[in-house]
Amino acid sequence: MDKRILNDYIDACALVKETEEDIRRLKKKKKTVIQTNVRGSNPSFPYQEQHFKVQGTTFTYQDDENLRLEEKLLEQRKENAEKIKRQVEEWMLTIPIRMQRIIRYKIFEEMTWEQTAVKIGRKATGEGLRKEFERFMEEN
């Protein structure tokens, strides 16, 4: 596992959220219904004026097919991002707890080394944590 995959984790988490929003937007678009009133009359005597409510969608069958295809692609993109996210989370469970905390604060929450040292506590210094992190990443 290298540092690049940890950055991919951050992007994967963001991509999952963005994709979920895109899927919600797409489903909302599919449910858009337009409604209007029209006037007409009976076709036979007595010719009485009547009002009718007409509703439907503004897109064609082809548009609907394109929306379904786009939704399928978004679902695949979300699945791929979740796969990367799970891989990193599984890997994180195999490393020491201290390193899990360092990675979470420094990489995932994008804190400085000094801020990470404050969070870790126990007389940790930013430079010391940086070296510890670099040694750990070289070994793994």
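Okay, here's what the table says:
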{"read-out": "Which listed residue, of Asp22, Asp11, is more than 30 Å from Glu139 (Cβ to Cβ), under 14 Å from the mean Cα position of the chain (by Cα) and part of a helix (DSSP H, G or I)", "value": "Asp22"}
{"read-out": "Qualifying residue in the stretch 67-87 (condition: farther than 24 Å from Asp8 by Cα and touching a residue at least 24 places away in the same chain (Cβ under 8 Å))", "value": "yes"}
{"read-out": "Output for the stretch 1-26, where each listed residue is at pLDDT below 80 and either open to solvent by 80 Å² or more (accessible area, probe 1.4 Å) or not β-branched (Val, Ile, Thr) (or both)", "value": "Met1, Asp2, Lys3, Arg4, Leu6, Asn7"}
{"read-out": "Residue check for Phe52: touching a strand residue (DSSP E or B) at 6+ places or on another chain (Cβ under 6 Å) and among the aromatic types (Phe, Trp, Tyr)", "value": "yes"}
{"read-out": "Unique match (being closer than 21 Å to Asn140 by Cβ, of a type in the set (Lys, Arg) and more than 17 Å from the chain's Cα centre (by Cα)) among Arg104, Arg39, Arg86", "value": "Arg104"}
{"read-out": "Elements of type helices (runs of 4 or more DSSP H) in the stretch 31-140, at least 2 residues being of a type in the set (S, T, N, Q) and open to solvent by 80 Å² or more (accessible area, probe 1.4 Å)", "value": "61-94"}
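The values are calculated or read from the model by the stated rules, or taken from the named source; none is laboratory data. All figures in this text were calculated on a predicted structure; none of them were measured in a lab. Using ideal geometry, Cβ is built from the backbone for each residue, glycine included, and neighbour counts are taken over all protein chains shown. These area figures cover heavy atoms from the full protein model, side chains too; ligands, DNA and RNA do not enter into them. Shrake-Rupley method; radii C 1.70, N 1.55, O 1.52, S 1.80 Å.
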